[in-house]
């Protein structure tokens, strides 16, 4: 009998096979393997996504940009800004990640929670990619759910160490989507377009200060805005040994962060769709462990929901 009260979405093609690159795209495969080998999940818990349709991508991204990405006709500057090499496999992975977040959103609305073992590409803008992000899978999924009349409103809670600039830009002025980002202030990106709530933390912020300010702002946001779906962008990079971050959270503190977000959503009956964002620890095993903990915290939280139902 599976321990999971919800579905996990994964495809082996999420791995871009970048080799010795600071973005460890092999982490998706390692997370999947870890969950199975440690018997934390079973094969039946996983769903394989289909690539997002261009129609779904075009609700967020411009036709010119989508064509450039699909054909590889990006300028040198555009490629440098993305910070990952263009290839047909990269395009396939990006469309699959967006399809994975759409599938996770659908199942979250059905089961209360679902997780895409990938996605969270929150730096992608309508007309360009940056910071390892090409297609904004979370925005694509939210727009898909709205188009399908599955939801009217959504909230994004972004805990990556880097501010969700693409998310902020895409949903600026859109009253149907509330954006919250907690991040290191003195870090990429610069400048930071405003989210509905931006929590810019000082360098070296640790567990207790982080958790206190996150909970305070999350409670205020949920009292003000009542979403039909919460998209959780779970970053592993606030970790104290992350190469691209300057916060000081421990592995335990990051797991407590995840549980905090899930518990507040569960108490209010808000479905949660999970994506895994950045993570660049010196030891990839640490990044994998943190992401696995994000999934397990959801399992434990929403198992309670199932038991109470």
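Some observations on this one:
- FRET E, pair residue 39, residue 283, Förster distance 25 Å, beta-carbon r, rounded to 0.05: 0.60
- Mean Cα-pair separation over length for the range 1-130, i.e. relative contact order, pairs under 8 Å, 6 or more apart, %: 38
- Packing-based ranking, highest mean first, of 53-60, 15-22 given that Cβ atoms within 10 Å are counted: 53-60, 15-22
- Each stretch of four or more DSSP H residues adds -39500 (n - 2.57); spread over every residue of the chain, this sum gives -13500 deg cm²/dmol at 222 nm.
- Summary value for the range 75-160: 30 percent relative contact order, contacts being C-alpha pairs under 8 angstrom separated by 6+ residues.
- Taking every C-alpha pair closer than 8 Å and separated by at least 6 residues, the mean separation divided by the residue count of the range 7-308 gives a relative contact order of 19 percent.
- Rounded is the label for the chain, because a/c, from the alpha-carbon gyration tensor with a ≥ b ≥ c as root eigenvalues, stays below 1.5.
- Sorting the segments 277-287, 138-148 by their mean number of nearby beta carbons within 10 angstrom, highest to lowest, gives 138-148, 277-287.
- Here 214, 40 are placed in order of increasing Cβ neighbour count within 10 Å, fewest first, which gives 40, 214.
- For 50, 25, order by how many other beta-carbon atoms lie within 10 Å, fewest first: 50, 25
None of the figures in this text is laboratory data; all of them are computed from the coordinates on show. Everything numeric in this text was worked out from a predicted model, so none of it was measured. Cβ atoms come from the backbone with ideal geometry, glycine included; neighbour counts cover every protein chain shown.
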